[in-house]
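Taking it in order: structure first as structure tokens, then the write-up.
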Amino acid sequence: MVSDDTVFTGGLLTNGDQFYSGLTKTGFYIWLFESTDQLKVSASYSGEELLETGNLTITETSLLWTMLLTIILAVAAAVLCVFIYILYDRTYQIEKAKKNVFLGLSVIVILSSIPLMLGTSISGGDLIYHLHRIEGVKDGLLSGQFPVRLEPEWVHGHGYANGIFYCNSLLFFPAVLRLLGFPITASFNLYCMGLNIATALIAYVSFEKIFRSRVIGLMCSALYTLSIFRIYKLLVVVALGEGTALTFLPLILYGFYTALTGDIKDKKYKDTWIPIALGFAGLVQAHVLTTEITAVLVAILCVIVWKRVFRRETFLVLAKGAAGAALASLWYLVPFLDYYIREDIHIKYISDRTIQERGLYPAQLAFNYWKFGTNPLGGEAGMQHSHAQGLGLIFVVTFCVAAILWFSGRWKAGKNPLSGSECKADKSDMEYHIAGHPIIALGKFGTAIGGALMLMSLVIFPWDKIQAINGFTASMVSSIQFPNRLLGWGTALLTAVFGCCIWYFKNSGGKIDENEVSASEDKSPKAETGNKNFYYAGVICMLLAIAASSMYYIDYTSRDSVQLKLYNGEGMGFGYISGAEYLIEGTDEEELFYKPPVAGRDVVIGSYTKKYLHVKMECSNTGSLDSYVELPILYYTGYQAVESKTGQKLKVVSGENNVVRVLLPPGFSGSVEVQFVSPIHWRISEIISWVFIAGVILLLVFKRHKTQAAARRQVQ
Amino acid sequence: MREYLKKYVLIYFVEMLLIVSAFIGCFQKEETVSSIKGQELVLVTEEDGSGYYKSELPNLSPGVYRIRVNAAIPEDASAYVGLECETSTYNALRCNGAAIFQGQDFMEMEAYVLDTVDTGFMKCTFDQTDPISLTDLTVSRTNRGSVVFLFCAIAGSILVNLILWVRTRILTGKMNTGQQTAFWMLLLSVGLVYFPFATDYFDLGKETAFHLLRIEGLKDTLLQGGQFPARMQSGWLYGHGYGASIFYGDLFLLFPALLRIIGFSMMTAYKIFVLAVIGVTAVITYTCFGKCTKNTYSALFGTILYLMSPYLIYNYYVTGEAGEFLAMAFLPLICLGMYRIFTGIHGKGFSGKMLVIIGLTCVMQSHMPTFVLTSILLTAVSLILWKLTFRRETFLQLFQAAALTLLLNCWHWLPLLQMLGKDRYVLHDLAANGIQSKGTQLSGLLQPFPNMGNAGNGYVAEPVIMGTAVLLMFILYLFSGSPAPWKQSVGNKSAAHGQSTPENRYGRLLLLLLCIILPVIIMSTRYFPWDLLAGLPGLGLMTAALGSPVQLLSLVTVLCAMFGAFFAMWLYENDCHQRKIAARGILIFLSVTAIGGTVYQVNDIAYERNVIRLYTAENIGTTNVGRSEFMISGTGTDDYSYHGPVGEEGLEYSGYSKNGVNISIHVKNPGDSELHLELPLTGYKGYRLEGMGASGNLPYITETRGAHADLRIAVPAGYEGTLEIWYEGLKGFPAAEWISLITLAGILVFLIYKRRKACIS
């Protein structure tokens, strides 16, 4: 542990490190912002004999300067953006509405990031696991892996295949920040802020394009970004994968909405595969479970609107979207499926974990004033001091309002939405037009599926019965872990339903001119009569929901939660692997500790060095039979052992407790290098993905260029 | 109609199918699943060294099971019996288990199985005794599950049909936008207020256990037969009985008692009861205020203020005062009745007089203190409005209302007063304690966010308040400026031309209501000299019965809600379009404030409350007698235990059997002096004894009671015979019942006659 009482508060940042038995050396980073000659290094020892210390070296790195340089560059970029904005505004006069949107989105991002500005992280149940993932990516990059497949320092230096099963592409951002010298908490918080920005932006763009209204887009973005479920998952439980996945849900919603309701004769229609592909690619690379839930929902949607799905143009768009997502994620999917099929991974055996008792009560769904809570699982403890696992009152009220509108015939084409009485089914009738509008169809779908998801998240939903049907259902249900996971899509769909209700109240009694409505301009019809009161009530409810629910929750969370300050990754150890899902089945986690290599019969190990997952050793088998060396590295398919001089490949198999075992033939003597080498088909998949992503980027740039050129020609 | 039926034929078919299948199931006979002796139980030792006795059960299919334990528990010992399982789907087996004590020959309890359980077992633990003390342990499957299913199928069908009916009315344009808004708002409001119970558990408020025992007692009394109306409930105080049905109005508790008889668990029956009360409160309030104001939105506003008042919600969940919240459901009826009597405005439905009679009757049958307070308040209002009161027609109506209410409820209040006059109860002792300190503090009254409360005083106190919306409404009313924008109304445009300005029609009514509300609020605080009043002759017992000045808030709440309904009318009462918009804005703002406050309150309650899953009624014990007001003076709940008859030395007795409060025992006094026998019955006045096969002097119930006020019987020297003891009540009871019956019949005949006359005319 390093300390110094003389430097200013915050002048020395460090958590120290644990020096485990089995290690001969360790090292960690400290951040020192002031010169000092009073630095103290202390060690506390809990062993029985005396602790003999060796050399202690403190070396100044360049990381402080790289970190400062990054900050300066970021600030400079921000200032530059502001100047460009001012200049652009003066020259071209940016629309007031656009400025308001920018302001609104900024407020949303700031409000959602309040808990991230404490300089600490909320000690959620999954925080350490995800910090390990970030550290794993950093260490993986340092060890020379790209993309990072095996986190080398995890499981006490044994290397863990987390990166293969749990995609870490989005964690490269915080990992790079770590490489640039940022402390781990800061990197994590900056990543979460990035997610908040991305969520607010994606939600705004998606909903604005669906409803063709900036105001509704902004309202939906605020509701979604600041939704209780999202705050809870991302900032309180720190379910980083699930929280990241939520960023892409509005994009998928928008993609499908456009594909299914857009004009197939329109030239732009062909591009609707892009949001689907981007959304799904993001989703797959963020959280597989959310992808599975999404896939099921998409299947239901396709069954409901099968006629539209099987139109040639629509089918093509959807197929392109799916193929695009698969290609962009191929670099991850191939290793994932490869290992999932080939390896005997522990996650395949988790099917007896029941989830129904973790379901919610109806009261929990509609809870408004959430506090931090100390009861994450419910069950016997009910909802006393419960974690914020519900949707929030605003979404339940939205569901009720939409259900009432639907129930009372206001959303039925051919009915007068105001009186509910039959109108003359004249397609020129504005009320008929509203009721038959695709947005109303979205509202109905959102209400039905959102309601079903809410139901499925409840404790009364018979998950236990479903689980008992057969092995497949047992595995599927067990993998969900928490029924409230379904509320991610519940939140997204009910946000859309909220938008639909607001859109309906705004437009009922008004005139819609489809030709006048464009995605870039807010030209929603002005209501002449009708439900303006409800429209304003909706706006007030949204603001109240954010103020009295989301902000209330953020306040309580920031105040009552246990906060962690972690600077160097070593401070949190290297042992925690959550449910050990990605260990080979049968591996004893407790036995995976820092150890020297174990020599088999008649084997003599000379020199031995291990850097990350790369081992170099001199060894010889003096016996007349095959023998082995077992290394403190977890065995996954792909490790190779090569005799350095001759290039002779030695067989690598799974050893005791599933560690890497290098087989040495009788009489073997030489220098052996052991390291993980990605199979060739993995490499091919990576190349395909990179080429595809580059192609999409080029395509987008080309299209934008073409659009701008066409616009310029039009002006001329 | 035919088209309507045709449209939903599939739904009707499914409904019928469910009802018929449930109905058939009701004829299933009770079958024994397992029957074993205590010594057949197997000892299981757990890892921590503790142990329990176990008996494996065969597969348990879904249904309601009855567990009967016959036992002979030695002195100072007890056994605990429960039905548990190794594994099951979530919460499939619902049983709390219960203890069986010395003196208890048998114990019966229910277990609810919602899904097939194949690892069920009886779990028994013993304190100071062993398995041999359990002579027989029987588990049988009853047909109650099918009855519950039938009830749910019928209730569900009614609900679905109601929804379909509403939908048809909406689609055919028979419900206007206002009515639709009111319907949905009421539905959502009921859902919101019920929020803390939207779980699979509940929590016992301060008084909930007492009311649960009342329900259970009523159920047992009905099942045992003999007493109607129920007077003495047998299960209380370790089987000694408690006069709950004499001292508290039980009429509306028949509903949850019926649910218990059908087969619902204790908790579910209570939760359905609370939901029904909330629903009834919403409907009555909306209807009454609607009839008062003849305006949908004003009525809705008043209903929101009432239904979502912190005090009412506090009563539902924190105190669990079933009597008081039940009484509060009917207070709007009295408001409407009085409004009609004093204004002389008659609309559709019952007359003002009838409404007051119905309202007061319901309040009395729910909660006597609220009835007394309401009566006092009505008297005070009548005196304040003496000019109106002493108009011949009004006076007649008020007099008739009062007289008929008393006659109609004679069967309840006369026995109560008789019993109070004939004996001394703990209530008489409580009169000396004073209630002033239990009043609320000013800071509590002004508390903006009603939380669950922690029984403290001041700001952290329980939410014995009217609510922020009401406070804001008063502030808006009082500070609406002078000249008030709404002081003048219709024709205010003409005021500019120097013409006289008509006064707002609702101004005086609001002022009157405010003048009534403010003193009542003051009386509900600890600043009002209640203890001084209690010292005055005759008032001590009344203040003790009141329990706490806070109970006045039930009246404050309904008056505030009525004020709110008319406040809305007061705001609307003008010609100016902008003012109407402003009025609408104010009402929406106040409604949102009320709803927001309620959301906060129910959230806090749901978040803070303990988790209790009560399925087995036997699990709650028998001694939760509230404040023990009507226990015999000088006794306490700790004095009681299960025991048999206790006779003086020399007295021989045999053939003892007890069914509820009916006892049969054969006694023989071979000695030459009178000997006494104490029976495990609380010695209330009204027990009747009949000696069978008597010879010589007859036994009689003595004036002096036995230990912990047990019923004491004097057996004359040389007497031998069988004694039958049962509760009959005092002599005035049957007369009071007849008076009530005749009055009820008279009222019904009068109403039918009036209705026919109206039809003919």
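The values are calculated or read from the model by the stated rules, or taken from the named source; none is laboratory data. Everything numeric in this text was worked out from a predicted model, so none of it was measured. As a convention, Cβ positions derive from the backbone with ideal geometry for all residues, glycine included, and neighbour counts pool all protein chains shown.
For this structure, a couple of remarks:
- Any hit, region B:690-701, residues being on the phi > 0 side of the Ramachandran plot and at pLDDT below 90: yes
- Boolean, B:Leu212 is more than 10 Å from chain A (Cβ to nearest Cβ), part of a helix (DSSP H, G or I) and within 13 Å of B:Gly320 (Cα to Cα): yes
- Whichever residue in region B:624-641 is in a loop (DSSP other than H, G, I, E, B) and either surrounded by fewer than 17 Cβ atoms within 10 Å (Cβ to Cβ) or small (Gly, Ala, Ser) (or both) and, among such residues, is nearest to the chain's Cα centre (by Cα): B:Gly626
- Among the residues making up region A:357-401, those that are facing chain B (nearest Cβ under 9 Å), touching a residue at least 40 places away in the same chain (Cβ under 8 Å), crowded, with 21+ Cβ neighbours inside 10 Å and more than 30 Å from A:Lys444 (Cβ to Cβ) are A:Tyr369, A:Lys371.
Per-residue answers, yes or no, for (1) at pLDDT 90 or above; (2) farther than 23 Å from B:Gly263 by Cβ:
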| residue | (1), (2) |
| --- | --- |
| B:Ser88 | no, no |
| B:Ala111 | yes, no |
| B:Leu114 | yes, no |
| B:Cys124 | yes, yes |
| B:Asp130 | no, yes |
| B:Thr138 | yes, no |
| B:Arg144 | yes, no |
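- Filtering region B:595-628 to residues that are away from every other protein chain (no Cβ under 13 Å) and either more than 28 Å from B:Met107 (Cα to Cα) or of a type in the set (S, T, N, Q) (or both) leaves B:Thr616, B:Asn619, B:Thr622, B:Thr623, B:Asn624, B:Ser628.
- So B:Arg584, is it touching a strand residue (DSSP E or B) at 6+ places or on another chain (Cβ under 8 Å), of a type in the set (Lys, Arg), within 13 Å of another protein chain (Cβ to nearest Cβ) and surrounded by fewer than 21 Cβ atoms within 10 Å (Cβ to Cβ): no
- If the condition is being surrounded by 14 or more Cβ atoms within 10 Å (Cβ to Cβ) and either farther than 22 Å from B:Ile262 by Cβ or among the charged types (D, E, K, R) (or both), then region B:146-172 contributes B:Leu164, B:Val166, B:Arg167, B:Thr168, B:Arg169, B:Ile170, B:Leu171.
- Qualifying residues in region A:527-580 (those that are more than 14 Å from every other protein chain (Cβ to nearest Cβ) and among the aromatic types (Phe, Trp, Tyr)) - the one nearest to the chain's Cα centre (by Cα): A:Tyr576
- A:Leu131 being buried (at least 18 other Cβ atoms within 10 Å of the Cβ) and part of a helix (DSSP H, G or I): yes
- Residues satisfying the stated conditions in region A:71-125, i.e. acidic (Asp, Glu) and either closer than 30 Å to A:Ile577 by Cβ or in a helix (DSSP H, G or I) (or both): A:Asp89
- Scanning region A:445-473 for residues that are within 13 Å of another protein chain (Cβ to nearest Cβ) and more than 29 Å from A:Cys400 (Cβ to Cβ) returns A:Gln467, A:Ala468, A:Ile469.
- Exactly one residue out of A:Arg149, A:Arg178 is over 30 Å from A:Val497 (Cβ atoms), touching a residue at least 60 places away in the same chain (Cβ under 8 Å) and assigned to a helix (DSSP H, G or I): that is A:Arg178.
- When residues of region B:219-239 are limited to those that are in a helix (DSSP H, G or I) and free of Cβ contacts under 8 Å to residues at least 60 places away in the same chain, the one nearest to B:Glu618 (Cα to Cα): B:Lys219
- Index of the failed condition, B:Asp575 passing every other in (1) facing chain A (nearest Cβ under 10 Å); (2) not polar (S, T, N, Q); (3) not in a helix (DSSP H, G or I): (1)
- Residue list for region A:164-175, restricted to those being buried (at least 23 other Cβ atoms within 10 Å of the Cβ), part of a helix (DSSP H, G or I) and under 14 Å from the mean Cα position of the chain (by Cα): A:Leu171, A:Pro174
- Test: residue in region A:593-608 that is at pLDDT below 95, under 30 Å from A:Cys167 (Cα atoms) and not in a loop (DSSP other than H, G, I, E, B): no
- Each residue in region A:657-711 was checked for being under 30 Å from A:Glu585 (Cα atoms) and of a type in the set (Val, Ile, Thr), and 8 pass.
- Listed conditions (1) closer than 17 Å to B:Pro645 by Cα; (2) of a type in the set (S, T, N, Q); (3) at pLDDT 90 or above are all met by B:Asn659, apart from (3).
- Of residues in region B:256-290 being surrounded by fewer than 23 Cβ atoms within 10 Å (Cβ to Cβ) and of a type in the set (Gly, Ala, Ser), the one farthest from B:Cys335 (Cα to Cα): B:Gly263
- Within this structure, B:Leu187 fails the test of being surrounded by fewer than 20 Cβ atoms within 10 Å (Cβ to Cβ), modelled with pLDDT under 90, at negative phi and not small (Gly, Ala, Ser).
- Qualifying position, being in a helix (DSSP H, G or I), modelled with pLDDT under 90, crowded, with 16+ Cβ neighbours inside 10 Å and in contact with a Phe, Trp or Tyr (Cβ under 9 Å, 6 or more places away or on another chain), among A:Glu570, A:Glu581: A:Glu570
- Scanning region B:71-100 for residues that are crowded, with 18+ Cβ neighbours inside 10 Å, more than 23 Å from A:Ile355 (Cα to Cα) and over 28 Å from the mean Cα position of the chain (by Cα) gives B:Ala71, B:Ile73, B:Ser78, B:Ala79, B:Val81, B:Gly82, B:Leu83, B:Ile100.
- Of all residues in region A:337-356, those satisfying the criterion of being hydrophobic (A, V, I, L, M, F, W, C) and either touching a residue at least 12 places away in the same chain (Cβ under 8 Å) or within 14 Å of chain B (Cβ to nearest Cβ) (or both) are A:Ile345, A:Ile347, A:Ile350, A:Ile355.
- When restricted to residues that are over 23 Å from A:Ala363 (Cα atoms) and surrounded by fewer than 24 Cβ atoms within 10 Å (Cβ to Cβ), region A:466-500 contains 14.
- Meets criteria (among the hydroxyl-bearing types (Ser, Thr, Tyr) and farther than 14 Å from B:Gly241 by Cα) for B:Ser641: no
- Candidates B:Leu539, B:Leu533, B:Leu553, filtered to the one that is surrounded by 20 or more Cβ atoms within 10 Å (Cβ to Cβ) and either in contact (Cβ under 8 Å) with a residue 24 or more places away in the chain or within 30 Å of the chain's Cα centre (by Cα) (or both): B:Leu553
- Any hit, region B:131-141, residues being surrounded by 15 or more Cβ atoms within 10 Å (Cβ to Cβ), assigned to a helix (DSSP H, G or I) and away from chain A (no Cβ under 14 Å): yes
- Listed by first and then second residue, the pairs linking a residue in region A:68-94 that is farther than 22 Å from A:Pro183 by Cα to a residue that is hydrophobic (A, V, I, L, M, F, W, C), with Cβ atoms under 9 Å apart and 6 or more places separating them unless they lie on different chains, are A:Tyr85/A:Ile94; A:Tyr85/A:Phe102; A:Tyr88/A:Ile94; A:Ile94/A:Phe102.
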